[in-house]
1. Take Leu141 and Arg164, extend 7 Å from each Cα along the Cα→Cβ direction, and tell me the distance between the two endpoints in nm.
2. Can you tally the lysine pairs in segment 2-163 where the Cα-Cα distance is under 19 Å and the two residues are eight or more apart, or on different chains?
3. At a temperature of 37 °C and a viscosity of 0.692 mPa s, determine how fast segment 1-152 diffuses translationally according to Stokes-Einstein, using the Kirkwood radius over alpha-carbon pairs as Rh; express D in µm²/s, rounded to the nearest whole number.
4. Based on C-alpha coordinates, I'd like the Rg and Dmax of segment 66-168, in Å.
5. Taking trypsin sites (Lys or Arg not before Pro) as exposed when DSSP calls them loop (any state but H, G, I, E, B) and at most 10 other Cβ atoms lie within 10 Å, what is the longest stretch of the chain free of them, the sites themselves excluded?
6. Given an 8 Å cut-off on Cα distances and at least 6 residues of separation, report the relative contact order of segment 2-163 as a percent.
7. How large is the helix-only mean residue ellipticity at 222 nm for the chain, computed as the sum of -39500 (n - 2.57) over DSSP H runs with n ≥ 4, divided by its residue count, in deg cm²/dmol to the nearest 500?
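Every number in this text was worked out from the coordinates using simple rules, so none of it is lab data. Everything numeric here is computed off the predicted structure, so don't read it as measured data. Positions of Cβ are generated from backbone atoms using ideal geometry, with glycine treated the same way; all protein chains shown enter the neighbour counts.
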Amino acid sequence: MKKNGMKYGIGALVAALLIAIDQFTKYLAQKYLMDGPIVIWDGVFELHYSTNTGAAFGIFQDGRIFFIVTTCIILAAVLYFYVKIPSERKYFPLNAVCVTVFAGAMGNFIDRIRLEYVIDFLYIRLINFPVFNIADCYVTLSCLVFGILIFFCYKEDDFAFLRRKKAGEAAEGDSADEKQKLPE
């Protein structure tokens, strides 16, 4: 139980730090980019203030209630998965992905609740990529890492912690000998 307390404490601190970074960068964008973009690398990358009432790439504009409900469901699912993941070193990457996805979803959720839109400011002009923010980076990179972990690093048995125990099934760590010695 002590390991789980440490996992939750560190996870909460890291999530809070990531959310704070996201919110601070959005504050800076709002403060310094309202008068026009700042070119970081001419023709390649700019800081460009933009607001988004939709989802990624501006789809589903003005769907605030839908996004609030959807984000609540996603946050609950991420927290559920995070709680179920064992505190073993082997699962550190999965725990980190959960914390980072949570921070990204929460960063944009805060904007939707507080402002009714999400502040975006990172613009890759070279490929005319839609303007995005730090929280979007957290979610996108975490999902990419999650896919890599699922397909290349973990085996199906590594996710046994997600299976529900059936009635009469022995607790984890019980050996076959202990199961046989149980009184009938």
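1. In this crude label model, Leu141 to Arg164 measures out at 3.7 nm.
2. Final tally of qualifying lysine pairs is 8.
3. 199
4. Taking only Cα atoms of segment 66-168, I get Rg and Dmax of 16.4, 60 Å.
5. The segment 1-154 is the longest one with no such site.
6. That works out to 29 percent.
7. -18000 deg cm²/dmol, from helical runs alone.
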